[in-house]
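Engineer: Structure below; questions to follow.
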Amino acid sequence: MAIADLEIRRATLVQRADVRIAKTGPVTATAGSTVVYTLTITNDGPSVANDVTVADATPAGLTFVSTSGACTTAFPCLLGAMLPAETRLITAT
């Protein structure tokens, strides 16, 4: 094959990430009690998810106390980049 017969092709790579959040905790609460919710954030890939941010409004009638785990500030929390198959946990009180 001669050099003149070569064809140059360009491909555009598209990154795709599938980030999901599952929230668990009580459906109801007693006045004066402490309520804890757990948020599980997972990147199902196949690419890195960049600039991941989690926002979770405090339910009506409750008062935000704190967060721990992957987030240690009030919402919204910037988690940054998440690799494919990576999971992070946030506990909100």
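Engineer: May I ask you to give the solvent-accessible area per residue for region 26-93, in square angstrom, as obtained with a 1.4 angstrom probe?
Structural biologist: Accessible area per residue, region 26-93: 58 Å².
Engineer: Right, something else. Could you work out what % of the accessible surface of the chain is carbon and sulfur, using a 1.4 angstrom probe and leaving DNA, RNA and ligands out of the count? Mind dumping the intermediate values first?
Structural biologist: Working: 3720 of 6750 Å².
Roughly 55 percent of what the probe reaches on the chain is carbon or sulfur.
Engineer: Further question: What ³J(HN,Hα) values, in whole Hz, does the Karplus curve 6.51 cos²θ - 1.76 cosθ + 1.60 give for region 75-92 when θ = phi - 60°, with x put for Gly and Pro?
Structural biologist: 6, x, 10, 8, 8, x, 7, 10, 6, x, 6, 7, 10, 10, 10, 10, 10, 10
Engineer: While we're here: Kirkwood-based Rg over Rh for region 38-92 (C-alpha set), two decimals?
Structural biologist: Details: Rg = 12.0 Å, Rh = 11.8 Å.
In region 38-92, Rg relative to Rh is 1.02.
Engineer: What trypsin sites (Lys or Arg not before Pro) in region 1-91 are in a loop by DSSP, with at most 16 other Cβ atoms within 10 Å of the Cβ?
Structural biologist: In loop regions of region 1-91 (DSSP not H, G, I, E or B), the sparsely surrounded trypsin sites (Lys or Arg not before Pro) are 9, 10, 16.
Engineer: With only alpha-carbon atoms counted, please give the Rg and Dmax of the chain, in Å.
Structural biologist: So, for the chain, Rg and Dmax equal 21.0, 81 Å respectively.
Engineer: Within 12 Å, Cβ to Cβ, of residue 91, how many net charges do the neighbouring residues add up to if Lys/Arg are +1 and Asp/Glu are -1?
Structural biologist: +1
The values are calculated or read from the model by the stated rules, or taken from the named source; none is laboratory data. Since we're looking at a predicted model, the values are computed, not measured. Cβ atoms come from the backbone with ideal geometry, glycine included; neighbour counts cover every protein chain shown. Each accessible area value is taken on the protein alone, full model and side chains, heavy atoms only, with ligands, DNA and RNA left out. Shrake-Rupley method; radii C 1.70, N 1.55, O 1.52, S 1.80 Å.
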